[in-house]
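None of the figures in this text is laboratory data; all of them are computed from the coordinates on show. Source: prediction; values computed, not measured. Heads up, the Cβs are rebuilt from the backbone with ideal geometry, glycines too, and the neighbour counts pull from every protein chain shown.
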């Protein structure tokens, strides 16, 4: 028993699934790491996030979800970390985007970050593969709509603005959840002004159970559905209060609880909406405590995968 457990933990693949071979299309879902943190503006370390999330996922045992009563393991393969240069943002993106397109052509992908600058490249790849702009469900403490970030033209705080300017997203289909950081009005209200929706952390205070969150989830669903676009989920772990996720580069007090984020994922990602993928970013293990951050990150990714499988089940089951 001890030898089996050690072998299981040593695999370092998400949920202990197999590495993905040449025939990736034989399984529905893929996981890949994007180990890059060259665009952070405070604490580095998110390059170590993919491995930490994988390690935390091993403790989910057989990975059978208690709400959905299924496991995604038979439909999931892990591609490992993508091969990326650790030099500049431009060269990283030049390497990331073709790799992402190749994987997206085969599987429904979940990406383990990495800092939030990777999401712009992933949206570019998704836009190319699906041939249309996307709707985005964006969990974050920060609006990420600055026109520059500390003098840099692009980074982990500009990707939403850039995605809108490049036509990668449907403006009315951008929904932000958990926003609370300091920001000038033009930045923090940007998504509202283009027709999207900003749901602040203050708006969610005191709403914990699925029933209490029901008006929020109904609003989000209606907006995503009305966009008529494929839906992408990007979850910056700093949407959570640092009490629940201290291991991140730019922690912001006053955030969401683990229960709130899991409830929102459980209720939204099981809906009959055209979800096309997810990323979980900004997990920075050097600042984690007792693996709190990597554990909730692994749970969020697992919940998304299980919800998407549950959405395909016949209504009678």
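For this structure, a couple of remarks:
- Modelled spin-label separation between residue 259 and residue 312, with each label point placed 7 Å from Cα along the Cα-to-Cβ direction: 3.3 nm.
- Residue 19-residue 291 FRET efficiency (beta carbon distance; Förster radius 22 Å; 0.05 resolution): 0.40
- Rounded FRET efficiency, nearest 0.05, which uses the C-beta distance separating residue 150 from residue 271 and R0 of 35 Å: 0.40
- Net lengthening on full extension, residue 243/residue 208 (0.36 nm per residue, minus Cα-Cα): 11.0 nm
- Given their separation in residues at 0.36 nm each and the Cα-Cα distance between them, residue 42 and residue 225 gain 62.3 nm when the chain is fully extended.
- Burial order of peptide ranges 296-303, 108-115 (average beta-carbon count within 10 Å, highest first): 108-115, 296-303
- Each peptide in 45-57, 87-99 receives the mean, over its residues, of other Cβ atoms within 10 Å, and ordering these scores from highest gives 45-57, 87-99.
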